[in-house]
1. From the list A:T63, A:T70, pick out the single residue that is in contact (Cβ under 8 Å) with a residue 12 or more places away in the chain, open to solvent by 40 Å² or more (accessible area, probe 1.4 Å), over 18 Å from the mean Cα position of the chain (by Cα) and within 14 Å of another protein chain (Cβ to nearest Cβ).
2. Given the criteria in contact (Cβ under 8 Å) with a residue 12 or more places away in the chain, among the hydroxyl-bearing types (S, T, Y) and in contact with a Ser or Thr (Cβ under 8 Å, 6 or more places away or on another chain), does A:Y103 qualify?
3. So in region B:143-194, with the set limited to residues that are over 29 Å from A:T2 (Cβ atoms) and without any contact (Cβ under 8 Å) to a residue 12 or more places away in the chain, which one is farthest from the other protein chains (Cβ to nearest Cβ)?
4. Only residues that are free of Cβ contacts under 8 Å to residues at least 24 places away in the same chain and part of a loop (DSSP other than H, G, I, E, B): list them for region B:195-218, please.
5. Looking at region B:1-25 only, could you name the residues that are at the interface with another protein chain (Cβ under 8 Å from one of its Cβ atoms) and in contact (Cβ under 8 Å) with a residue 12 or more places away in the chain?
6. Exactly one condition in (1) over 21 Å from A:D48 (Cβ atoms); (2) crowded, with 17+ Cβ neighbours inside 10 Å; (3) away from chain A (no Cβ under 14 Å) is false for B:A201; which is it?
7. Can you run down the residue pairs with Cβ atoms below 8 Å, 6 or more apart or on separate chains, where the first is in region A:184-202 and facing chain B (nearest Cβ under 7 Å) and the partner is open to solvent by 80 Å² or more (accessible area, probe 1.4 Å)?
8. Is it the case, given these coordinates, that A:V56 is touching a helix residue (DSSP H, G or I) at 6+ places or on another chain (Cβ under 7 Å), over 30 Å from B:F132 (Cα atoms), of a type outside the set (S, T, Y) and open to solvent by less than 40 Å² (accessible area, probe 1.4 Å)?
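The values are calculated or read from the model by the stated rules, or taken from the named source; none is laboratory data. Nothing here was measured: the structure is a model prediction, and the numbers come from that model. Note that each Cβ is placed from the backbone with ideal geometry, even for glycine, and that neighbours are counted across all protein chains shown. Accessible surface is based on the protein model in full, side chains and every heavy atom, while ligands, DNA and RNA are left aside. Shrake-Rupley method; radii C 1.70, N 1.55, O 1.52, S 1.80 Å.
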Amino acid sequence: MTDDDIAQLIEQGHETNGVEFKSSGSLGDAHFRAKLVRAILAFANRRDSGVVVVGVSENRDKTLNPTGVTSAHAKSWDFDRLSGIVSGFADPSVELSLEVRRYKGRTFRVIVVSEFAEVPVLCKKDHGNVLRQGGCYVRSLRKPESREVAFQEDMRAVIGLATDKAVARWVGLARHVGLVGALPAQPRPALSRYDEEVEGLP
Amino acid sequence: MKEFIAALKSKGYWQARLLPSIEQPKRWGDKLAIKVALNGIAVNFRGWDYPHVSLQHNVVIESDRVWQTTEWNYFREIWCAFLSGQFLHVAGMRADYGAALQLGLLEDHVEPGEKLLGIGDTVYRMTEFAHFASRYAQAVCPGEDLRALLEVGGLKDRRLVVDDPNRGGTSSRYVAHTEAPFTADLLVRPGTSDAELAREARNLANELYELFEFRAADAVLEGWQRQMIYYRPS
């Protein structure tokens, strides 16, 4: 990720399914930590995962205010510390990286999360009303927010991703040991009917 | 819609069409569910999803299709999901709408009005295209082949550049002279691995670069792919 990537994410003006903004905060603040962990767990369960950008607050009119991470908060930020915090809640563990990026002279912390490798990541510990033991956190497909699974399509997306990965592993292994050969190709579809649809556009 | 697409095609553009191999009149059961379903399979390797499914804006629901347009900043695109399973996506080249490419250190000066195509942007877009086609096949016609047609237009007099300030630059100017768009016709098979899709994307990128009489080493393009923010090939 580059400073230009961060500029582009901020200039979109709002969160997306792959991006969550957080106001400047200290890793020493338990409530802030819990919210950060919730976002990280949600991204780990999302296809293509996502990033948490710390140092961007939201104004009352919902516009973004990229203040950067304050120098007082910046002292608390350290990869090992962040990794340890996340490990305390994530089962299985989450692969992530922490980057320092600049935008308009201000400094931001960017957490790049990887999607889970084999099985969805669940929360293994409660924290107030932010995190629940056994909870499966996701980025909702209905609006960009990190939350515990509440809608059927969100649950299907997580199950679908886990299934895809399991099937891909099985196919890879089966190919490797010669159990699966190439499937016979289906004939390529004629374009005529599909062309008619495009030509019929208003 | 046609007007919007024609406007996009008056400049540089990327067009993808995805066609299930077995024709059926109705692949989508619920038109209202299409937006959410697409949002779940859109590829998000670099901060802006492919295709861009805006949750903030409504889609247009018509008798046999659902579609949405985006016009924001330097992003111009339209997607249309037909009930038959056909998917159409057309996007303008960002550089043609004011996106500033961060050029390689040794790239020649860019003349005002000069049309550019980034080497990195191309391999990124091909990677997004191949992965989305595969995900779309899995969601819409699982277990079947999918025909994926790609068209890249507005190439004439366009210059291929290194679009990464941390890389060098090309040793000479690579400019396309073709009026005709670049086209590719892929067959996406069930069970294609991410690594195979990534390789296919690199091959497509090199086929497009040929129009500029340029060729990149496969390992170099793989390096570009790994540079994408969230790209973690399994």
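1. Exactly one of A:T63, A:T70 is in contact (Cβ under 8 Å) with a residue 12 or more places away in the chain, open to solvent by 40 Å² or more (accessible area, probe 1.4 Å), over 18 Å from the mean Cα position of the chain (by Cα) and within 14 Å of another protein chain (Cβ to nearest Cβ), namely A:T63.
2. So A:Y103 fails the test.
3. Of everything passing the filter in region B:143-194, B:A180 is farthest from the other protein chains (Cβ to nearest Cβ).
4. Selection gives B:R215, B:A217.
5. The initial filter retains those residues of region B:1-25 that are at the interface with another protein chain (Cβ under 8 Å from one of its Cβ atoms), namely B:1-2, B:5, B:17, B:19-23.
Within region B:1-25, B:M1, B:I5, B:R17, B:L19, B:P20, B:S21, B:I22, B:E23 qualify.
6. So the condition that B:A201 fails would be (1).
7. A:L201/B:K2; A:P202/B:K2
8. Answer is yes for this residue.
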